[in-house]
Every structure is written in C-alpha cells, then in structure tokens.
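Enquirer: Mind having a look at this structure? Questions to follow.
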Amino acid sequence: MQKIRLGILGGGGDSLIGVLHRVASFINDNYEIVGGVFNPDWEQNIGFAKQIGLPTNRIYKDFDTLIAEELKLPEAERIQVCSILTPNFLHFPMAKKLMENGFHVICEKPMTNTYEEAKILGALQAEKGLVFGLTHTYTGYPMVRQMREMVKSGALGNIQKIDVRYYQGWINPIIHDKEKRSSTWRLDASKAGISCCMGDIGTHAFNMVEYTTGLRIAALLADLNYLYEDNQMDIDGNIFLKMENGVKGILRASQIATGEENGLAIAIYGDKKGLRWEQESPNVLKVLSDHEPLQIYTPGHAYNSELSLGGTKLPPGHPEGIFDSMANIYLGVARAIRNQHPDSGEYPTVVDGMRGLNFIESAVASHKAGNVWVALDQ
C-alpha cells in the first residue's frame, strides 16, 4: 500500500512533541514525511531537515509557501496531510488554510485559541469532508481503550462517580520568577489562549472523561489558581463536573504540584465495579470490586476488547508507551484517510477539539464569575 504523504509544521530542534510525532508516524508504516516547515528561521529550518535526513527540495521558508508550492504539484505527489506542532495561536490559521486547500489535518491540542475559532474549523471540516485528527495522545493507550469498551459494555453498571487528575510540577522554576513568567509563551494569552493549566493539561483530563465514559460533561464549576497577581493565566485548579445524565465528578489539574512528572490518572466508579488507570503505569488497568479480589488487566491478551487489541503491537509483557500511544492515533487517522475505519474511536476528532475549547472557556468563565456553575454546549 502506498504511504500517506505527510508534511510537518513546527516541531524542529529538540522539541519533545516533534520527535514524538515523527516517530509515531513511522511506527505502523503508513506515512512518509515529504516536506514541511520546522522553524521560522530558515537556517535552523533547513539545517534540521538535513539533520534528520529529509530531502530539502520540499522544505519551505514558511507556511504560505508550502501551501502554494504543494498545490503546483500533481495530486498524486503533493502532501496529503499536515501535522501542526506549532504554538497554540498558529493552530487555527494553519488548520483553516490547510482544509480550505484540500489537505487533511493532524493537530496538537488545544485545537485553537478560542471556542469561536474551533466552531469555524468544525463547520469547515464538515463542509470539506476531510479528516481532522486531534492528538489527545493518551486515548491511544490500549488500556484506556479497554476502559472505554468496558464502560460501554455495562461491566461497571451505572456510573456513580468520576475522578480525574493531571498533576505536573514543571512550571515551578518559572512561575516564582517574575521575569521568567512574563516571558514564557505558555503564560502569554496572545500565544496560548486564555488558560495555561486547563488549556494545556486540563483539556487532556476533560477529554479522558468523555472518551472513556462515552458521556458528555454538561456543566462545571471551577476554582482556578493564578498564584501571583501579575500572572493572568491559571496554573492550577479544581473543577466540579456534572455529566449529561446527572453523574457527578471532579477534575483536578496542576502545573505547580511539586515533584510531579506527568501524573494523569482517572478512576470511574460504577455500582458494580470500578476502573482505575494511571498514565505513568499505562500498561496496567485496575478493576475494582466490593465483592471480588482486585483484577489487573494488561495489553495484548485475548480478554481485551477489539479496540484495545487493535492498538497493541506486541505480545503480552512487552511494555508499550507514549510513542506507541501517539502512533495509534496516527494509525486511526491513516485508516480514516483510506476510508477503512471512519469514526471508529481510534482518534480524537474536530468535535473533541470543539468540546475542549468549550471546556476551557467555561472553566475560566466559571472562576471569574465567582465559582458558579456554567453549562457547556451539547
């Protein structure tokens, strides 16, 4: 099968997200990186392309040049899908222009800086019928997909409570230094949008709740923490959740949780059983019960769901991690582009992107209004 021609926007140099996407695109042998713009500085841009062994004839000086030059090529040769790995404020204009010109899109989250922009992309994607994959990376883990299918099958009974948290401590060295916090792009609303913590990692927690439970969050009440008066972006917060069926939950996210690394975890409690999963031990899914011993599910076994097994490449006991999780999202997008498994739960979509922006803006609005309940669009 011919490989899908992939373009990359951003992610050059020592970018963590850049290498994650590049490796993920290679893992299942579906993509070939044929061009891109890795850096706005031409010398760094072309130098990075040479460093990773890409031909330089389709490394462009800027995004607009990429669009113009690729459209001159025969359809059978031009880039089919572009991955957007740039700072947040560039996601919307890039995704919009790509779709307007017939390119599929893979985009980092949050999808845009505002909910209004997200709705514009949603309408454009529906009009064009193009594939739009949003990289909520953690939905690619086999045990997260197993959670989704177990909830869907009714194994937990009626859901009674949801508890999700995402704790990091990375911003501690920055936030306590006035000069550093005023010069970091993630704390600059013009580049990152109106939220730092909820926009960056809170959206992952929000998406995890909706992905695993199959329920939409109907309303929230947020109490956010800015720590310093001159800091305009939240870096910590607690949010009460009310699901569409009335189930209650809580979402906790922090970038000042000292010593925490990447502590995303979710627990779903039903009247029959409960489930608990942690990102730092991604190959372990705990099944809890009041009447039976603790059960441990791990990837690759026949007892797992078809969706979980479809994201597992190795036999049981061979650990898979974040690169594999992202690769499963790229695999889902590839299948959708080839019309093999559209809308299969194998990758987050533009709808998830819209939901995420609705969440971010509702959380900030709830906090600023004095910690009140705010309804999300359904």
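The values are calculated or read from the model by the stated rules, or taken from the named source; none is laboratory data. All values derive from a computational prediction rather than experimental measurement. Every residue, glycine among them, receives a Cβ derived from its backbone with ideal geometry; neighbour counts consider all protein chains shown.
Enquirer: Please return the ranges of helices (runs of 4 or more DSSP H) entirely within region 1-95 where 3 or more residues are without any contact (Cβ under 8 Å) to a residue 40 or more places away in the chain, farther than 24 Å from LEU130 by Cα and assigned by TED's automatic domain parsing to the domain that holds LEU130.
Expert: Numbers: elements: 16-27, 42-51, 63-72.
Because the criterion is at least 3 residues that are without any contact (Cβ under 8 Å) to a residue 40 or more places away in the chain, farther than 24 Å from LEU130 by Cα and assigned by TED's automatic domain parsing to the domain that holds LEU130, the helices (runs of 4 or more DSSP H) in region 1-95 that meet it are 42-51.
Enquirer: In region 345-378, how many residues are more than 17 Å from the chain's Cα centre (by Cα) and part of a loop (DSSP other than H, G, I, E, B)?
Expert: Qualifying residue count, region 345-378: 7.
Enquirer: Going by what's in this entry, would TYR211 be described as assigned by TED's automatic domain parsing to the domain that holds ILE175, crowded, with 16+ Cβ neighbours inside 10 Å, under 30 Å from LEU187 (Cα atoms) and over 22 Å from the mean Cα position of the chain (by Cα)? First the steps, then the outcome.
Expert: Details: assigned by TED's automatic domain parsing to the domain that holds ILE175: yes; crowded, with 16+ Cβ neighbours inside 10 Å: yes; under 30 Å from LEU187 (Cα atoms): yes; over 22 Å from the mean Cα position of the chain (by Cα): no.
Answer is no for this residue.
Enquirer: Scan region 292-333 residue by residue and report those that are aromatic (Phe, Trp, Tyr) and surrounded by 23 or more Cβ atoms within 10 Å (Cβ to Cβ).
Expert: Of the residues in region 292-333, the ones aromatic (Phe, Trp, Tyr) are 297, 303, 323, 330.
Selection gives TYR330 alone.
Enquirer: Of all residues in region 1-53 being in contact with a Gly (Cβ under 7 Å, 6 or more places away or on another chain) and over 20 Å from MET326 (Cα atoms), which is surrounded by the fewest Cβ atoms within 10 Å (Cβ to Cβ)?
Expert: The extreme case among them is GLN44.
Enquirer: Going residue by residue through region 114-124, is there one that turns out to be in contact with a His (Cβ under 6 Å, 6 or more places away or on another chain) and assigned by TED's automatic domain parsing to the domain that holds ILE79? Step through it out loud before you land on a result.
Expert: Filtering region 114-124 down to residues in contact with a His (Cβ under 6 Å, 6 or more places away or on another chain) leaves none.
No, region 114-124 contains no residue that is in contact with a His (Cβ under 6 Å, 6 or more places away or on another chain) and assigned by TED's automatic domain parsing to the domain that holds ILE79.
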